[in-house]
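The values are calculated or read from the model by the stated rules, or taken from the named source; none is laboratory data. This structure is a prediction, so every number in the text was calculated from the model and none was measured. Here Cβ is always computed from backbone atoms with ideal geometry, including for glycine, and neighbour counts include all displayed protein chains.
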Amino acid sequence: MKNEETLDPQDWSEIRQIGHRMIDDMFNHLENLRKQPAWQPIPDEVKNQLQNQPLPSEGQNIEIIYQDFLQNIRPHPRGNIHPRYWGWVEGTGTPFSVLAEMLSAGMNSNANFGEQSSVYIELQVIDWCKEMLGFPKAASGILVSGGSMANLTGLAVARNAKADFDIQEKGLQSVESKMVLYGSSETHNSVQKAIELLGLGNESFRRIPVDENFEINIEELRKAIAKDKADGLKPFCIIGNAGTVNTGATDDLEQLADICKAENLWFHVDGAFGALAYLSENFRPKLKGMECADSLAFDLHKWMYMPYEAGCVLIRDKEKHHRTFSPSGGYLAHLPRGLASGTWLSEYGLQLSRSFKALKIWMSLREHGIEKYCRLIEQNIEQAKYLANLVEKSNNLELLAPVPMNIVCFRLVKKNLNDEQLNELNREILMRVHESGIAVPSYTTIKGKFGLRCAITNHRSRSEDFDLLIEKVLEIGKNLD
Ligand SMILES: Cc1ncc(COP(=O)(O)O)c(C=O)c1O
């Protein structure tokens, strides 16, 4: 064949040179994050540049493409790597993990199965996660895109393991007694998505009321299970929260584990961020019972500060985990030797093709050691207390919920305004804080009160950053009616 082509460069020195520059630029950027706005609006002409370009028919010079990135893309991020970003629950990443991602992209391993290093590194990372979170060595696990996929994976195994019949073969259409499951009304909406996708139906999810600490009301839970059983339904799972997204509340996981044991239910814990607080000996008693979970969902891209995406699910019973995701045979049959031997990670999750997420986790854990992560998590919990204290000290601010972990919800109050007006005022304050570029809190509504919400999973934040936030909120609030 003549004129065979490739996507590799003809001139490797050109790509090497720009690559070195990209690394320098990126580290300069990360080193100077503090000087940049936490977020800034995207001007219309930039939006236009970003989304109205024609499909390139011919190749373009890589220098031009890179300049476009520097001018239009990098200046308009979400902001979650900034020291004063505390929106939703998001992670910051680290400089070394930038390099880890580059190495992983360079290898471009499809980390699905077989005799390849990416599989062994993922198994090592899963073993480390089990050790970090008090799970037995015999448990299994898999890295997934995030907490949502981790919840879906855990609940899929729960559904299959607890059905009275072969649900994988027959489907939910063959169910005799409707399967129902329980969690607090504060449970994250990714659980609802999972329940809907698993064909269980949203109405099968019993949202149990919470107490004044936003933790599941155990008596109400017991009553709901008893009623469902009396009605001929089949309770099969309880979902415990280790850190709810609204306020950071943790259910009484020990009691939930006991109920699951007594009632023969699957115990799933959504610990998207809160599970990681288990690393702290001071905080661990609050999470007692989590280590009894049948499945535990958590994220490494939140409170382990890893770059996106990095979620994980651990499953106590490896066999049940495997059975859910391993329809056998055909072109994916195992071989006794060669590349297609070894462990097939794709048989523990939905994805067949998978990126090599484990590398950044493996490199970061080795770079810093688990004790440093533990200190940073404790630092964030302390910072939440510090921020809550600033709120409580001010006559113009009020906390909307207790602060048991790393989430602080508060609002500005004015004597002459009712709740509806205060909601409007605080919404306006929040948007102005974002637009000022000073900081990014997010928001939530608690008992009808709209408030600013800081979820602190940021290793770059310092106490003075919270002073600045409060100063700005008060200043904006003063000038608004
Ligand atoms: C408690 C909880 N569960 C699940 C999720 C979903 O995680 P992810 O965004 O990684 O899919 C979140 C996200 O914030 C969460 O806070």
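Mind listing whichever residues of the stretch 236-258 are touching a Lys or Arg at 6+ places or on another chain (Cβ under 7 Å) and more than 15 Å from the ligand (Cβ to nearest atom)? Quick ask: steps written out before the conclusion?
Pass one, the stretch 236-258, residues touching a Lys or Arg at 6+ places or on another chain (Cβ under 7 Å): 236-237, 250, 253-254.
Answer for the stretch 236-258, where residues must be touching a Lys or Arg at 6+ places or on another chain (Cβ under 7 Å) and more than 15 Å from the ligand (Cβ to nearest atom): PHE236, CYS237, GLU254.
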| query | Taking only pairs six or more apart or across chains, which ones have beta-carbon atoms under 6 Å, a first residue in the stretch 252-276 that is polar (S, T, N, Q), and a second residue that is within 16 Å of the ligand (Cβ to nearest atom) and in a helix (DSSP H, G or I)? | reply | none
| message | All but one of (1) farther than 29 Å from ILE225 by Cβ; (2) part of a strand (DSSP E or B) hold for GLU309; state the number of the condition that does not hold. | response | (2)
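Every residue, every condition in (1) under 30 Å from SER97 (Cα atoms); (2) among the small types (Gly, Ala, Ser), yes or no:
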site: LYS286; (1), (2): no, no
site: GLU291; (1), (2): yes, no
site: SER295; (1), (2): yes, yes
site: ARG316; (1), (2): yes, no
site: HIS321; (1), (2): yes, no
| remark: Of the conditions (1) under 25 Å from LEU143 (Cα atoms); (2) within 16 Å of the ligand (Cβ to nearest atom), the single one that LYS288 does not satisfy is (2)
| message | Looking at TYR308, TYR348, TYR331, TYR386, can you tell me which residue is aromatic (Phe, Trp, Tyr) and at pLDDT below 95? | response | TYR331
| task | Check whether at least one residue in the stretch 60-83 is among the polar types (S, T, N, Q), part of a loop (DSSP other than H, G, I, E, B), in contact with a Phe, Trp or Tyr (Cβ under 8 Å, 6 or more places away or on another chain) and under 24 Å from MET304 (Cα atoms), and report yes or no. | result | no
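Out of the stretch 111-141, which residues are within 16 Å of the ligand (Cβ to nearest atom) and among the hydrophobic types (A, V, I, L, M, F, W, C)?
Once the filter is applied, which keeps residues that are within 16 Å of the ligand (Cβ to nearest atom) and among the hydrophobic types (A, V, I, L, M, F, W, C), the stretch 111-141 yields CYS129, LEU133.
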| Residues of the stretch 307-331 being closer than 29 Å to ASN458 by Cα and either over 21 Å from the mean Cα position of the chain (by Cα) or within 11 Å of the ligand (Cβ to nearest atom) (or both), which ones? | TYR308, GLU309, ALA310, GLY311, CYS312
| message | Just to be sure before I move on: is VAL144 at pLDDT 95 or above and within 16 Å of the ligand (Cβ to nearest atom) in the structure I sent? | response | yes
| note | For the stretch 283-309, the count of residues that are surrounded by fewer than 24 Cβ atoms within 10 Å (Cβ to Cβ), touching a residue at least 12 places away in the same chain (Cβ under 8 Å) and more than 21 Å from CYS454 (Cβ to Cβ) equals 6
| field | Cβ-Cβ under 6 Å pairs, at least 6 apart or on other chains, the stretch 176-205 side assigned by TED's automatic domain parsing to the domain that holds GLN255, far side at pLDDT 95 or above and hydroxyl-bearing (Ser, Thr, Tyr) | value | VAL180/SER204; GLU186/THR244; SER190/SER148
| request: Kindly indicate which of VAL180, VAL175, VAL157 is more than 10 Å from the ligand (Cβ to nearest atom), of a type outside the set (D, E, K, R) and in contact with an Asp or Glu (Cβ under 6 Å, 6 or more places away or on another chain). | output: VAL180
| In the stretch 31-66, how many are under 21 Å from ARG462 (Cβ atoms) and either of a type in the set (Val, Ile, Thr) or exposed (fewer than 14 other Cβ atoms within 10 Å of the Cβ) (or both)? | 4
| task | Return the total of residues in the stretch 330-350 being without any contact (Cβ under 8 Å) to a residue 12 or more places away in the chain and either loosely packed, with under 10 Cβ neighbours inside 10 Å or of a type in the set (Gly, Ala, Ser) (or both). | result | 5
| query | Could you say which residue among LYS137, LYS130 is basic (Lys, Arg) and touching a helix residue (DSSP H, G or I) at 6+ places or on another chain (Cβ under 9 Å)? | reply | LYS137
